[in-house]
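Read through the structure below, which is laid out as structure tokens, and then see the notes.
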Amino acid sequence: MLKVYLSGEIHTDWRDQIVEGSKGLDVVFSGPVTDHAASDDCGVAILGEEPNKYWHDHKGAMVNAIRTRKGLAEADVVVVRFGEQYKQWNAAFDAGYAAALGKSLIILQRPEHDHALKEVDAAALAVAREPAQVVDLLRYVLNGTLPG
């Protein structure tokens, strides 16, 4: 079984496309909490309110880091998606952390981000443009089968 952690952008359905396309493969997926409000507020919901927004966000980041570190450590492959709309500093951090752990890293990004992500891409074993390419990579890793 291949354990795949899906990190990064949460505003599109790229995760669903990969999970759906991987049906029938011996893959288990994990990832961050993608409910933006729940992710932002988990720290104060669990550990208590904070009047200062900085500490509110800090608590959430720390609680989420527990989940993220566990997911990255347990993964065989880490896929990090950089989306169109926002600068995903957390995605870049996850990619660097995964690389430092020696994880097989796949970056999913559009060509217009190539220059900005050149160092991240250099740490990856593959740079995909579409979720279907990630599915093809996973199928090849597991079965040695080429697309088509």
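The values are calculated or read from the model by the stated rules, or taken from the named source; none is laboratory data. Keep in mind the model is a prediction, meaning the values are calculated, not measured. With ideal geometry, Cβ positions are generated from the backbone for all residues, glycine too; neighbour counts draw on all protein chains shown. What goes into the accessible areas is simple: the full protein's heavy atoms, side chains included, and nothing from ligands, DNA or RNA. Shrake-Rupley method; radii C 1.70, N 1.55, O 1.52, S 1.80 Å.
Side notes on the structure shown:
- Selection count where residues are closer than 26 Å to residue 84 by Cα and open to solvent by 60 Å² or more (accessible area, probe 1.4 Å), scope the stretch 1-18: 5
The rows are residues; the columns are (1) under 20 Å from residue 31 (Cα atoms); (2) touching a strand residue (DSSP E or B) at 6+ places or on another chain (Cβ under 8 Å); (3) among the small types (Gly, Ala, Ser).
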position	(1), (2), (3)
56	no, no, no
59	yes, no, no
99	yes, yes, yes
113	no, no, no
144	no, no, yes
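- Members of the stretch 58-78 that are over 21 Å from residue 42 (Cα atoms) and either aromatic (Phe, Trp, Tyr) or surrounded by fewer than 21 Cβ atoms within 10 Å (Cβ to Cβ) (or both): 73, 74, 76
- Test set (1) touching a residue at least 24 places away in the same chain (Cβ under 8 Å); (2) part of a loop (DSSP other than H, G, I, E, B) - residue 147 fails condition number: (1)
- When residues of the stretch 79-106 are limited to those that are more than 14 Å from residue 121 (Cβ to Cβ) and open to solvent by less than 40 Å² (accessible area, probe 1.4 Å), the one nearest to the chain's Cα centre (by Cα): 94
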